[in-house]
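Visitor: Below is the structure I would like to discuss, written out as structure tokens.
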Amino acid sequence: MDTLYRGLTQANLKSSPRLWAGFAIPGTVWLTVLFVIPFYAVACVAFGTIDPIFRDAVPQWSPLSWDFVQAKQIFTSLATGPLRGVAIRTVIYVVCAMTLCFIIGFPIAYFLARHAGKHKLLLLVLIIVPFWVNYLMRMLAWVNLLSVDGLFTRFMRNFGINYNWLDGSPITVTLGLVYGYIPFLILPLYATLERLDWRLVDAARDLGAKPRQAFRLVTLPMSKAGLVAAGILIALPMFGDYYTNDLLSRSPSTEMIGNQIDFFLNASTQPQNGALLVLALSLFLLLFMSFYLRSTRQQSRQVTR
Amino acid sequence: MSNTTKRRGSPLAFVIWGYIIWSLVPVIIAVVYSFNDGRSRTVWQGFSLRWWITDPYASIFRNDETQNAISNSLVLAFTTLVVVTPLGIALAIGSQRIRGRSANFVQGLTSAPLITPEIVVGAALLLTFTRLFTAVPLGFVAQLLGNVTFALASVVVIVRARLVSIGASFEEAARDLGATRWQALRFVLLPMLWPSVMASLVVVFATVIDDFVITSFLSAGVGSETVPLRIYSSVRGGATPALNALATLLVLTSFTVLIIGLFGLSTWRKRQGERGGLRAALADVTRMDS
């Protein structure tokens with residue numbers, strides 16, 4: 001009887017992993033077919049050849065016959081050639097936009113987490129609203145305001161500022177990125193700061209630390225992982241952005257890497273270049289992604305501890 | 001103590017109200033101009049409903065192409081929901097409970113789409129559908145597959161968070177009382193997952209209805225044009241305030257779904273005697289804890 005019982009429970013324990021695996025299989029297969037394999041397809045197009053007559057990209061499905069001539073050309077172009085300007089511009093715009101996002105977003109998240117008081121829910125709702133307003137609508141709103149006879153342009157004219165906002169202005173593009181992505185920074189920042197143990201900050205203050213010292217030596221180190229994760233979370237889509245630029249500037253002088261990808265894949269006959277740029281961008285971003293995954297894993301470990 | 005807290009907080013209060021004005025007023029102005037009587041999106045010429053309903057050709061509810069875009073958007077959003085919800089729930093349960101090396105692989109795979117820029121996913125799928133899986137035509141089918149792939153990760157994140165907070169004890173209790181593993185899952189766990197399912201329905205609907213990049217990369221001309229695509233292609237042209245009206249409609253749609261979802265979530269929580277109310281519901285739909 002006893003052995004029978006033991007046999008039954010063991011069978012049960014053994015059969016359940018298979019059950020859970022069965023639950024995970026459909027989704028895993030889906031993601032393998034439509035997320036992992038597509039990356040391979042990108043590589044096969046990127047390292048493929050070009051049809052000599054039709055000039056179209058011919059993917060090479062076997063890595064053994066991959067051809068790196070075009071890849072070398074694109075990477076040289078990114079490093080020293082005509083695409084260099086685009087690469088540098090992308091980094092500069094994203095770094096500037098990120099800095100501004102933190103300068104504006106951190107005090108807001110901090111206030112929400114610590115000093116919001118009885119209006120907290122109202123403020124939280126108002127902060128979340130832009131999160132749910134369509135990105136295109138928010139850009140459209142600024143296109144209307146910044147166009148030649150737009151309200152903002154007319155308003156600025158009163159101060160003698162007559163600036164062509166929507167005609168290839170790096171300022172507009174950078175501020176557009178800030179406007180577009182800052183809601184996605186504020187919420188995770190708030191979530192991080194809300195979770196902090198503020199008693200430690202109070203303790204530092206009680207022990208004689210000045211507010212600035214307490215901030216630098218206690219608040220910042222405690223929230224660092226969350227801040228970095230939140231920053232990466234908006235840096236990734238910003239690096240791949242092309243629509244903000246397209247809507248607010250449309251000028252080659254402000255083009256980012258995303259615009260080049262969009263151009264090569266959707267408007268030109270050189271999809272191979274597009275595929276190569278997608279690969280280059282992914283490799284560059286892989287750095288941030290692995291960092292992000294590591295820091296969130298660390299965070300969840302801290303929470304569960 | 002509370003006095004000093006307040007004093008330190010007050011310049012920050014300025015920043016926060018300034019931010020709220022900055023982030024909302026331009027949108028409100030755009031909404032107001034959808035009721036402009038003239039053709040301009042920037043100079044006010046009196047109130048009218050011509051771009052919404054009264055103009056027989058150019059108003060959004062009577063223009064054929066706009067109607068086509070609206071129905072494309074809705075069909076895409078609902079079919080994506082139908083496919084992604086069961087897929088995501090199963091993947092969340094499975095990926096949380098399997099162990100070993102395959103568990104790491106599955107977990108990495110499910111979180112990767114969440115942090116991959118949309119342009120990369122869109123470009124990769126475009127190349128895949130035009131060169132590898134050529135049986136999949138660009139247009140609705142490709143857009144559906146793309147949106148499910150991108151939305152799957154958010155369903156998994158939301159449902160998995162709920163699974164973690166539920167824990168294993170309820171199911172174990174049911175098993176001790178004689179339920180089979182399947183019965184425990186069906187009658188104990190699934191009903192408890194309901195708020196996360198509702199939250200993911202809301203999040204996925206809003207993501208898909210607003211999606212521009214993937215839907216645009218995988219579109220095939222006018223036949224698969226959605227509302228965001230239509231807005232995008234006319235923002236910088238000489239479009240009439242009908243454009244503002246269409247964008248307003250899009251915002252209204254996602255807010256309606258959001259409010260229904262929040263209302264449903266907080267009543268469910270109240271009925272179940274769970275704490276949190278509106279704030280917990282807000283956290284559910286903004287993935288603040290992801």
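Visitor: I'd like the full set of residues that are surrounded by 21 or more Cβ atoms within 10 Å (Cβ to Cβ) and modelled with pLDDT under 90, limited to the range A:135-149.
Guide: Selection gives nothing.
Visitor: Within the group B:ARG279, B:ARG236, B:ARG275, which residue is at pLDDT below 90, outside any helix (DSSP H, G or I) and either closer than 26 Å to B:LEU87 by Cα or within 7 Å of another protein chain (Cβ to nearest Cβ) (or both)? Steps first, answer last, please.
Guide: Working: B:ARG279 fails: outside any helix (DSSP H, G or I); B:ARG275 fails: either closer than 26 Å to B:LEU87 by Cα or within 7 Å of another protein chain (Cβ to nearest Cβ) (or both).
Of B:ARG279, B:ARG236, B:ARG275, the one residue that is at pLDDT below 90, outside any helix (DSSP H, G or I) and either closer than 26 Å to B:LEU87 by Cα or within 7 Å of another protein chain (Cβ to nearest Cβ) (or both) is B:ARG236.
Residue-wise test of (1) hydrophobic (A, V, I, L, M, F, W, C); (2) more than 12 Å from chain A (Cβ to nearest Cβ); (3) more than 24 Å from the chain's Cα centre (by Cα).
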position: B:VAL27; (1), (2), (3): yes, no, no
position: B:SER40; (1), (2), (3): no, no, yes
position: B:PRO56; (1), (2), (3): no, yes, yes
position: B:SER73; (1), (2), (3): no, no, no
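Visitor: From the list B:LEU193, B:LEU258, B:LEU189, B:LEU243, which residue is in contact (Cβ under 8 Å) with a residue 12 or more places away in the chain, in contact with a Ser or Thr (Cβ under 9 Å, 6 or more places away or on another chain) and part of a helix (DSSP H, G or I)? Even if it seems obvious, please write down each step before you answer.
Guide: Details: B:LEU193 fails: in contact with a Ser or Thr (Cβ under 9 Å, 6 or more places away or on another chain); B:LEU258 fails: in contact with a Ser or Thr (Cβ under 9 Å, 6 or more places away or on another chain); B:LEU189 fails: in contact with a Ser or Thr (Cβ under 9 Å, 6 or more places away or on another chain).
Just one listed residue meets the conditions, B:LEU243.
Visitor: Name the pairs whose Cβ atoms lie under 7 Å apart, with the first residue in the range A:45-66 and assigned to a loop (DSSP other than H, G, I, E, B), the second at pLDDT below 85 and loosely packed, with under 13 Cβ neighbours inside 10 Å, and 6 or more positions between them or separate chains?
Guide: Within 7 Å, the pairs are A:ARG55/A:THR269; A:ASP56/A:THR269.
Visitor: Out of the residues in the range B:229-260 meeting the condition of being under 25 Å from B:ILE214 (Cα atoms) and of a type in the set (Gly, Ala, Ser), tell me which one is surrounded by the fewest Cβ atoms within 10 Å (Cβ to Cβ).
Guide: Our first condition is that a residue be under 25 Å from B:ILE214 (Cα atoms); within the range B:229-260, this holds for B:229-237, B:239, B:242-258.
With of a type in the set (Gly, Ala, Ser) added as a condition, the list becomes B:233-234, B:237, B:239, B:242, B:245, B:247, B:254.
Values: B:SER233: 12, B:SER234: 15, B:GLY237: 8, B:ALA239: 17, B:ALA242: 23, B:ALA245: 26, B:ALA247: 28, B:SER254: 20.
The extreme case among them is B:GLY237.
Visitor: Moving to a separate point now. Inside the range A:169-240, counting only helices (runs of 4 or more DSSP H) that do not spill past its ends, which hold 3 or more residues that are closer than 21 Å to A:PHE291 by Cβ?
Guide: A:170-195, A:220-239
Visitor: Oh, and also: Filter the range A:274-286 down to residues that are more than 9 Å from every other protein chain (Cβ to nearest Cβ), touching a residue at least 24 places away in the same chain (Cβ under 8 Å) and surrounded by fewer than 24 Cβ atoms within 10 Å (Cβ to Cβ), then give me how many there are. So that I can check it myself, show each step before the final result.
Guide: Taking the range A:274-286 first, the residues more than 9 Å from every other protein chain (Cβ to nearest Cβ) are A:276, A:279-280, A:283-284, A:286.
Going one step further and asking which of them are touching a residue at least 24 places away in the same chain (Cβ under 8 Å), we end up with A:276, A:279-280, A:284.
Still in the list and also surrounded by fewer than 24 Cβ atoms within 10 Å (Cβ to Cβ): A:279-280, A:284.
Count: 3.
Visitor: Considering the range B:70-126 alone, what residues qualify as being touching a residue at least 40 places away in the same chain (Cβ under 8 Å) and more than 22 Å from B:ILE214 (Cα to Cα)?
Guide: Once the filter is applied, which keeps residues that are touching a residue at least 40 places away in the same chain (Cβ under 8 Å) and more than 22 Å from B:ILE214 (Cα to Cα), the range B:70-126 yields B:ILE89, B:LEU91, B:ALA92, B:ILE93, B:SER95, B:GLN96.
Visitor: Now, a different point. Within the range B:87-100, can one find any residue that is surrounded by fewer than 18 Cβ atoms within 10 Å (Cβ to Cβ), of a type in the set (Lys, Arg) and farther than 15 Å from A:PHE35 by Cβ?
Guide: Taking the range B:87-100 first, the residues surrounded by fewer than 18 Cβ atoms within 10 Å (Cβ to Cβ) are B:97, B:99-100.
Filter once more, keeping what is of a type in the set (Lys, Arg): B:97, B:99.
Next, only the ones that are farther than 15 Å from A:PHE35 by Cβ stay: B:97, B:99.
Yes: one or more hits.
Visitor: Would you tally the residues in the range A:85-115 being at the interface with another protein chain (Cβ under 8 Å from one of its Cβ atoms) and without any contact (Cβ under 8 Å) to a residue 40 or more places away in the chain?
Guide: Taking the range A:85-115 and keeping what is at the interface with another protein chain (Cβ under 8 Å from one of its Cβ atoms), we get A:104, A:107-108, A:110-112, A:114-115.
Filter once more, so that each one left must be without any contact (Cβ under 8 Å) to a residue 40 or more places away in the chain: A:107, A:111, A:115.
Qualifying residue count, the range A:85-115: 3.
Visitor: Take the range B:101-113 and flag every residue that is surrounded by fewer than 19 Cβ atoms within 10 Å (Cβ to Cβ) and of a type outside the set (Ser, Thr, Tyr).
Guide: Step one: of the range B:101-113, the residues surrounded by fewer than 19 Cβ atoms within 10 Å (Cβ to Cβ) are B:101-105, B:107-108, B:112.
Selection gives B:ARG101, B:ALA103, B:ASN104, B:PHE105, B:GLN107, B:GLY108, B:ALA112.
Visitor: Got a number for residues in the range A:225-240 being more than 10 Å from chain B (Cβ to nearest Cβ), farther than 15 Å from A:GLU194 by Cβ and not small (Gly, Ala, Ser)?
Guide: The number of residues fulfilling the criteria is 2.
Visitor: Oh, and also: Identify the residue in the range B:92-128 that is part of a helix (DSSP H, G or I) and basic (Lys, Arg) and, among all such residues, is modelled with the lowest pLDDT.
Guide: Within the range B:92-128, the first condition is being part of a helix (DSSP H, G or I), and the residues that meet it are B:92-97, B:101-115, B:118-128.
After this cut, where a residue has to be basic (Lys, Arg) as well, the list is B:97, B:101.
Numbers: B:ARG97: 86, B:ARG101: 82.
Filtering first and then ranking leaves B:ARG101.
Visitor: Could you please find all residues in the range A:55-94 being out of contact with any Asp or Glu (no Cβ under 7 Å at 6 or more places or on another chain), hydrophobic (A, V, I, L, M, F, W, C) and closer than 21 Å to A:ASP262 by Cα?
Guide: A:ALA57, A:ALA71, A:ILE74, A:PHE75, A:LEU78, A:ALA79, A:LEU83, A:ALA87, A:ILE88, A:VAL91, A:ILE92, A:VAL94
Visitor: Please tell me if B:PHE212 is surrounded by fewer than 17 Cβ atoms within 10 Å (Cβ to Cβ) and either of a type in the set (A, V, I, L, M, F, W, C) or over 24 Å from the mean Cα position of the chain (by Cα) (or both).
Guide: On the way: surrounded by fewer than 17 Cβ atoms within 10 Å (Cβ to Cβ): no; either of a type in the set (A, V, I, L, M, F, W, C) or over 24 Å from the mean Cα position of the chain (by Cα) (or both): yes.
The answer is no for B:PHE212.
Visitor: Could you tell me whether any residue of the range B:159-178 is at pLDDT 90 or above, under 22 Å from B:ILE260 (Cβ atoms) and within 14 Å of chain A (Cβ to nearest Cβ)?
Guide: yes
The values are calculated or read from the model by the stated rules, or taken from the named source; none is laboratory data. Just so it is clear, the model here is predicted, and its values are computed rather than measured. Note that each Cβ is placed from the backbone with ideal geometry, even for glycine, and that neighbours are counted across all protein chains shown.
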